[in-house]
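Chemist: Mind looking over this structure? Questions follow.
Please treat every number below as a calculation from the coordinates, not as lab data. A quick note: this is a predicted structure, and the numbers were derived from the prediction, not measured. All Cβ positions, glycine included, derive from the backbone under ideal geometry; neighbour counts span all protein chains shown.
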Amino acid sequence: MRIENKSRFQHSLSDPAEFTLTLELVPSRAGRGTAHDRALAFAREAAADGRLQAVSITENAGGHPALAPEVLGLEILELGLDVIIHLSCKDKNRNQIESGLFAWDRAGLRNLLVVGGDYPQRGYRGGAKPVFDLDSVQLLDLLGRLNREQPGGDRRNPIVKGLEPTSFCKGVAVSPFKHLEAELAMQYFKLQRKVANGADYVITQVGYDARKFQELLIFMRQQQLNVPVLGNVFVPTPGVAGLMNQGKIPGVVLPDHYYARFLTDFTEPDKGRKKMLQRAARLLAVLQGLGYAGAHVGGPGLTFTELDYILAEREAVKSDWLEFITEFSCWPEESFHCYQKAQDGTGLNSEERTAGAELSTSLTYEMSRWFHDQAFTEEGLLYRQMSRLCRRFASGAGSGLLDLFEYYVKFLLYRCQHCGDCTLPELAFRCPQSGCAKNILNGACGGSRDGWCEVYPGRKKCFYVEVYNRLKKDGLEKSMQEGFLPPRDWALNETSSWVNFFMNRDHTNLRK
Ligand code: SF4
């Protein structure tokens, strides 16, 4: 059955006079039960009320298995409320994603929030296999192609003729709440890639700092990223706030001194619930005052009555938003801010950029770049010899030897995984197949914390923090703002990337 999506959400987003409100629902690990009944009851009330433009439904949130979002999504659409479906890269390969998109298109589920996704956690009899066949930028590219009727798009997968175009509206996420320069820069650079690859709107990570919320808007305006942004307004329970403070929710940072305020609130008879709802109302007012296009409200167990209270309270206080800035000033001064603090007493930003840190580089990086420039650029001293060698060994008895030689050298230097399509030169000579837990090719995920990888906190630095630091030393960090690396081509697995480069089989020879 095809259900026409009214897309009130899309109309609201495209109207600058509207403040778009959405709410996040998190399905539980069951097909039936009271959690889903509550979600549907909430949606029924919200549809009748009319102030929410859509509910968004998470997909295996936190990396845990849960009811597929489209199931609740279709039931909620039938109730007359618009729906945003989260689409993540963690559990499905590109073909399964495409197949699912055709199903959602047919069913009328066309508003998406495209994310890389939290690393998969324990499921049936153990930890689930992380997939991450695509990253979020590649997924946006696929969605753009489906909207333009061309899902193929390279010479090995020609454009499919006669397809009905889809009309997906593609949201993305970004976090201004990062402590280190490298983490923050990689978030903003990746946002630029997302917008260049078709993002229609943006939702921020959870946070409670007005200056950081404003920083994102200034950056987007300066970079002419003209897409609407919804700020995240999260109402935590005591248990969830504790997890946020301990860094147990990927990408969410709740600084100690701000968490201390929450702890004081939690001692009250209602466990601080009223204070939390008032805080949410004030944050909504601040976001609207700063110029956000809307807000994305969330929180475990939030009832419609509580949402009604938040929205009514927001109406009552919204003209006082500047007075609440100090209440939402939780980000440590010593953490990196993109812009210097304004001297006008507001506690917000000026438009003057902050100078970043000086960085050093490594010998492996310098040597690798030198060899690459000599052997793989046409002006290089070794280019002709390398080209001749690779073309001669492209097939026949010697090809295996050359392949093995390349693999062992690169394994020793970079822990090469033999993907056959080398992206070392674009990524500061760090291998994303061995260095990034999610094998992301187009910039950092949102999960890092204090520069550590989401998957190996305290043990392994975020791959993209290291890439940024290396590139910045050479003044090349802005190369991460643009460009597009296509997904790994598994047809090249365990073949020589050197040969593939000279035989025009790798990503450097694919048209976008
Ligand atoms: S990107 Fe591929 S070829 Fe290059 S080092 Fe990594 S696994 Fe090896």
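Chemist: How much length is gained on full extension from LEU363 to LEU163, taking 0.36 nm per residue of separation minus their Cα-Cα distance?
Modeler: Values: separation 200, 0.36 × 200 = 72.00 nm, distance 5.07 nm.
Residue separation times 0.36 nm, minus the Cα-Cα distance, leaves 66.9 nm.
Chemist: Tell me which aspartates and glutamates have Cα within less than 20 Å of LYS410's Cα, excluding those fewer than 8 residues away on the same chain?
Modeler: Hits, sequence-local ones excluded: GLU366, ASP373, ASP421, GLU426, GLU466, ASP489, GLU494, ASP506.
Chemist: Now, a different point. Starting from 0.36 nm per residue, how many nanometres of slack lie between LEU322 and ARG459 once their C-alpha separation is accounted for? Kindly include the intermediate steps, with their values, before the conclusion.
Modeler: Values: separation 137, 0.36 × 137 = 49.32 nm, distance 4.11 nm.
Gain in length upon complete extension: 45.2 nm.
Chemist: Measure off 7 Å from each Cα along the Cα-to-Cβ vector at ARG29 and ALA260, then give the distance between these two points in nanometres to one decimal.
Modeler: The two pseudo-label positions are separated by 3.6 nm.
Chemist: Still on this model: What number do you get for region 105-260 when its Cα radius of gyration is normalised by 2.2 N^0.38 Å, N = residues? Mind showing how you got there, number by number?
Modeler: Numbers: Rg = 18.2 Å, N = 156, 2.2 N^0.38 = 15.0 Å.
Compared with the compact-globule rule of thumb, region 105-260 sits at 1.21.
Chemist: Of LYS129/LYS274; LYS275/LYS438; LYS90/LYS274; LYS212/LYS274; LYS170/LYS274, which sit over 31 Å apart, Cα to Cα?
Modeler: LYS129/LYS274; LYS275/LYS438; LYS90/LYS274; LYS170/LYS274, as the Cα separations exceed 31 Å there.
Chemist: If you don't mind, another one. How much of the DSSP bridge set in the chain is antiparallel, in percent, rounded to the nearest 5?
Modeler: Values: 7 of 39 bridges.
That works out to approximately 20 percent antiparallel.
Chemist: Would you list, by chain and number, the aspartates and glutamates whose Cα falls below 16 Å from the Cα of LYS248, excluding same-chain residues fewer than 8 positions away?
Modeler: Straight-distance partners of LYS248: ASP118, ASP256, ASP450, GLU454.
Chemist: Mind checking the log10 I(q)/I(0) for region 8-341 at q = 0.16 Å⁻¹? Debye, one equal scatterer per Cα, no solvent, two decimals.
Modeler: -1.61
Chemist: Taking 7 Å along the Cα-to-C-beta vector as the label spot, tell me the ALA355-GLU78 distance in nanometres, rounded to one decimal.
Modeler: With each label placed 7 Å out from Cα toward Cβ, I get 6.3 nm.
Chemist: Moving to a separate point now. Could you calculate the FRET efficiency of LEU404 with LYS248 from 1/(1 + (r/R0)^6), where r is the beta carbon distance between them and R0 is 41 Å, rounded to 0.05?
Modeler: On the way: r = 43 Å, r/R0 = 1.06.
Given R0 = 41 Å and the Cβ-Cβ separation, E is 0.40.
Chemist: Taking 0.36 nm per residue of separation and subtracting the Cα-Cα distance, what length does fully extending ARG148 through ASP344 add? Provide the component values of the computation, followed by the final result.
Modeler: Details: separation 196, 0.36 × 196 = 70.56 nm, distance 4.77 nm.
Full extension of this stretch gives 65.8 nm more.
Chemist: Quickly rank 430-437, 323-330 as a protection proxy: mean count of other C-beta atoms within 10 Å, highest first. Could the numbers behind the result be given before it?
Modeler: Numbers: 430-437: 19.9, 323-330: 16.9.
Ranked from most to least packed, the peptides come out as 430-437, 323-330.
Chemist: How would you order 248-257, 400-409 from highest to lowest mean count of nearby Cβ atoms within 10 Å? Display every interim value, and only then the final one.
Modeler: Details: 248-257: 17.6, 400-409: 14.3.
Descending packing order for the listed peptides: 248-257, 400-409.
Chemist: With n ≥ 4 as the cut-off for DSSP H runs, can you work out [θ] at 222 nm for the chain, using -39500 (n - 2.57) per run divided by the number of residues, rounded to the nearest 500? Spell out each step's value before the answer.
Modeler: Values: 17 runs with 200 residues, N = 512.
Dividing the helical sum by the residues of the chain leaves -12000 deg cm²/dmol.
Chemist: Mind ranking 83-91, 487-495 by how tightly packed they are, going by the mean number of other C-beta atoms within 10 angstrom, highest first? Provide the component values of the computation, followed by the final result.
Modeler: On the way: 83-91: 24.1, 487-495: 16.9.
Highest mean packing first, the order is 83-91, 487-495.
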